[in-house]
Each structure stands twice: as C-alpha cells, then as structure tokens.
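Data first, discussion second: the structure below is written as structure tokens.
The values are calculated or read from the model by the stated rules, or taken from the named source; none is laboratory data. Everything numeric here is computed off the predicted structure, so don't read it as measured data. Cβ atoms come from the backbone with ideal geometry, glycine included; neighbour counts cover every protein chain shown.
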Amino acid sequence: MGDSTKHEFYVAELKSALQDYHRVNREVLRLADDRRQKARLVKSLLAILKLQAGESDAQLLLEKAQLDVLARPFMTLKTLKTAGTATVVRRRRGEKQAVDPATVLAKGTPVKMMSGNYQGYKGVIASAQARQGRKGLDVTYFLALEGPKGDKKRTSVKHGTLRKSWNVLD
C-alpha cells in the first residue's frame with residue numbers, strides 16, 4: 001500500500017513538472033517567434049534608412065539618436081570595423097595576415113581597377129561581405145564599375161588585392 005501511494009505521488013509530481021515544462025516551452029517558442037519578427041523589422045528599417053540616407057549618413061543618424069550600440073548586431077560593416085585586428089584577414093602570397101579593421105572600406109567608396117579584364121574602369125563599392133574563415137574574417141567587395149566607353153559592369157575583389165589590381169580613389 002505504501003509503494004502505490006509513493007508511485008502516485010511521483011506520477012502526480014511528474015504530471016505537474018511536464019505541464020510546467022510544456023507551458024514554459026510554448027512561451028519560449030512564442031518569444032522566439034516574436035524575436036524573429038522584430039529582427040526582420042529592424043533589418044528592414046535599417047535597409048530602408050541606408051538606402052535613403054546612405055551607409056555613412058545612416059551610421060551618423062544612429063549615433064546621433066544613440067542607437068549605434070543597439071543596432072550594431074545588425075550592421076555588418078560596423079561589426080567589422082569594431083572587431084579586433086586579428087579578425088579581418090588579407091590573402092597575400094598564399095598566407096593570411098591580419099588587417100587593421102579600420103581599413104575595411106565602406107559602401108560607396110570610389111575605386112579604380114588597375115589591372116585585369118576591367119583595367120581603367122572606375123566605380124564604387126556596392127556592398128561588402130565577410131565570411132568567417134579558419135583564421136578570421138575574409139572580406140570581399142562587390143563593385144559597380146563603369147568603363148571608359150560608358151559600359152557598366154559588376155565584379156568582386158578581395159580585400160587583399162587592394163593596391164595591386166584595384167585602388168581607392170581620393
């Protein structure tokens with residue numbers, strides 16, 4: 001008789017714990033969904049702000065409104081520029097070397113191609129992408145170029161080829 005009441009007690013406790021678990025789990029799932037929706041909204045609003053004001057002015061507006069720290073996880077270039085010096089890497093003769101993150105170029109920076117298929121073309125950095133490699137971030141820039149005859153092309157270049165096959169215009 002004592003064993004059956006002990007088992008009933010544990011079953012009742014288990015039932016209570018399982019109900020609590022499922023209640024909390026539903027709440028966590030609801031919060032995760034709410035977080036995803038808020039993140040999507042923030043990314044959309046930041047993208048609109050960047051398109052309207054430009055990358056640099058958008059960052060200045062965020063700093064002025066004291067939102068730069070809160071928006072940092074959503075700002076790729078801001079994250080790169082504030083990363084440690086060992087996180088951004090440059091490929092040079094097969095080996096990777098650290099690059100000062102302050103040298104990561106912003107969207108809209110004017111550039112000129114010095115060699116290759118697009119030698120003589122001028123344009124701007126349309127976007128930048130960083131991928132996590134074994135030894136840190138590897139930065140790729142996507143360029144919107146215009147040729148000497150007015151033809152428009154798009155290409156991508158690695159950060160490590162700066163001042164070799166392409167250069168920043170002053």
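Mind listing whichever residues of the stretch 43-63 are in a helix (DSSP H, G or I) and small (Gly, Ala, Ser)?
Hits for the stretch 43-63 are Ser44, Ala47, Ala53, Ser56, Ala58.
Just the residues that are in contact (Cβ under 8 Å) with a residue 24 or more places away in the chain and either hydroxyl-bearing (Ser, Thr, Tyr) or in contact with a strand residue (DSSP E or B) (Cβ under 6 Å, 6 or more places away or on another chain) (or both), please, taken from the stretch 107-122.
Lys107, Gly108, Thr109, Pro110, Val111, Lys112, Met113, Met114, Ser115, Tyr118, Tyr121, Lys122
In this structure, does Gln66 turn out to be modelled with pLDDT of 90 or more and outside any helix (DSSP H, G or I)?
yes
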